[in-house]
Amino acid sequence: MTTTSAVPGRQALRAAGRQSAKALFAFTARALQQVSTLVMTLLAARFLLPAQYGVYSLGIVFIVLVQTMTYTGFYQFILTSKEEDSAVLSTCFWLILGLVSLASLVLALAAFPLEWMFQAHPLGTVLLLLALIQPLASVGAWSSAALLRRGEVTLNFTVMFAQNLVALIGGAMLLWFWHSIYALVAFRYLRVLTGAVLYAVLGRDWPQWTFRRDLARKAAAFSGGLYGSRFLAFLARYAADLLLGLLHSPAAVGLYRFGNRVATGATDVFNQPMSTFAATQFGAAARQDRDLAVPLARFAGAITMLTGLTGAVIIVFAHDVIALFFQTSYLAALAVTYAMALRGAAGAGQMLIEPAFAALGRTGWVMMFDLVSTGVAIAAVFAASPFGLEVLAWTQAAVVLGTTGWAFGLLRWRGQIRIGDALRAFGGAVMLCALYGGLLAICRMGIAALPLSPLAALVLGLACAGGLALAVLALAVRLRIFSLQAFSG
């Protein structure tokens, strides 16, 4: 009897182990994109002056706007639509390719006028080069959505992992030996080209000439609110860069973007994968008519725990890292780094608005949310910009915290989703991360009293941070604030 009953137990344990391994790999593959971007930012701060990095950062602001059209709207329609697979995939391929190609053409035509406007040479050339590769990037995005719709999550993340690993290694080598902003442009090309080749070789989806107008109209109606909301979210996130470039200089943009990227690049290592998992799980729950309160609570706790722990590490160790590895001119961005670390940890509600309302088919409310929150954010940017980088950054962090609270309220009010469990998970995660940050600061002070070199002290401190983070995550699992189910596709 004991042996017989033990067999199902071992099988369940092995199944759980396989699921955990797949989830970990998927998370690692998605996070590697943010890691590669962060590493390139750090290398740029080592080899390029703030003014040079600022020119590239301005170029990336406009490319992000094009990418916004690539990974939302029609992309999410592929994930959530209940129509026939072949019709959805074929129609949405031409919609995505056409939209991104048009946006890239407009950006290419505006490249040199923007260079003149910002007085930032060679911004025009950088924008032109980056715009040329975006249509090919949209094909890779379509292939990714097709694999996710078919449930081939592991294959999708295998391609993503290989793509980002090649881009990271190749891009780092380029920048190490070629201290130029064009090495950063080549890094972007390497990522897109590698992904296109891998999806073409490993994916089974190929575009067809079929284009259903009725389905295109349905996709456009679904996507309109999402595109509008993403554009507003783009303004909220990058208005500061644009205003600094217009009112001050590319150097100010470089400092702000470096401080921002160090913080958000680290927190986005978790935010971006969790956003993908959330979109997939909310979409699956909608197709199967399941309660959306369950994934809402799951992701509210998981996102806040991961970004909060990361933010605490950034705040405690950012000064040591910048002083050791980068040009001292970048220490002026330290206050921005602190504020953006807290902003990244406070944005769980904002992140969950889009997948939740997309699953409900009420994307107009996503746009309404972003319209109001973006208006507040832009007003805050205009008000804070004259007072310097520090005031600007802390103002943005406060705005994000406020809009996250409103996001949960809107999900309850218009989405009719129970938010009690989500608020409990969010609040519990905030308290655990605050406790973690306090303990980590005490550890750092203790290590600083030891007779160690700055590098050895930093390594020991980060090791302590990792061990302490595992303990806090274990406690969060026990308190039902953090769940590994958030990492499944």
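The values are calculated or read from the model by the stated rules, or taken from the named source; none is laboratory data. As the structure is a computational prediction, the values presented were derived from the model and not from experiment. Neighbour counts run over all protein chains shown; Cβ positions are idealised from the backbone, glycine included. Calculation scope for accessible area: heavy atoms of the full protein, side chains included, ligands and nucleic acids excluded. Shrake-Rupley method; radii C 1.70, N 1.55, O 1.52, S 1.80 Å.
Restricting to DSSP H runs of at least four residues, report the calculated mean residue ellipticity at 222 nm for the chain, -39500 (n - 2.57) per run over all residues, nearest 500 deg cm²/dmol. Please list the in-between numbers first.
On the way: 17 runs with 414 residues, N = 489.
Helix-only estimate at 222 nm: -30000 deg cm²/dmol.
Per atom type, segment 349-403 shows carbon and sulfur on 75% of its accessible surface, probed at 1.4 Å. Taking the protein heavy atoms of segment 223-318 in the context of the full set of protein chains, the accessible area attributed to carbon and sulfur is 62 percent at 1.4 Å.
Segment residue 441..residue 83, full-extension length gain: 123.6 nm, with 0.36 nm per residue of separation and the alpha-carbon distance subtracted.
Using only side-chain charges placed at the Cβ, +1 for Lys and Arg and -1 for Asp and Glu, the dipole size of the chain relative to its Cα centre rounds to 1040 debye.
Once the Cβ-Cβ distance of residue 319 and residue 291 is raised to the sixth power relative to R0 = 45 Å, the FRET efficiency obtained is 0.50. Using the alpha carbons alone, the radius of gyration of segment 105-242 stands to its Kirkwood radius in an Rg to Rh ratio of 1.02.
What number in nm² do you get for segment 225-293 if you take the convex hull of its Cα atoms and divide its surface by four? Write down the numbers at each step before the final one.
Numbers: hull surface 24.4 nm².
Projected over every direction and averaged, the Cα hull of segment 225-293 covers 6.1 nm².
Model label points for residue 413 and residue 105, set 7 angstrom from Cα along the Cα-to-Cβ axis, are 4.2 nm apart.
What whole-number value in Å² describes the accessible area per residue of the chain for a 1.4 Å probe? Mind showing how you got there, number by number?
Details: 20670 Å² over 489 residues.
That works out to 42 Å² per residue.
Projecting the Cα atoms of 38, 442, 81 onto the charge dipole of the chain, computed from C-beta unit charges around the Cα centre, puts 81 farthest toward the positive end.
Taking all pairs of different Cα atoms in the chain, averaging 1/r and flipping that mean, what Kirkwood radius in angstroms comes out? Display every interim value, and only then the final one.
Working: mean 1/r = 0.0429 Å⁻¹.
It is 23.3 Å.
Rg and Dmax over the alpha-carbon atoms of segment 250-389 stand at 17.5, 55 Å. Could you check how much of the accessible area of segment 40-106 is carbon and sulfur, as a whole percent, using a 1.4 Å probe? Here it works out to 69 percent.
What does the extension gain come out to for residue 46 and residue 372, with contour length at 0.36 nm per residue minus their alpha carbon separation?
Working: separation 326, 0.36 × 326 = 117.36 nm, distance 3.86 nm.
That pair, residue 46 and residue 372, stretches by 113.5 nm at full extension.
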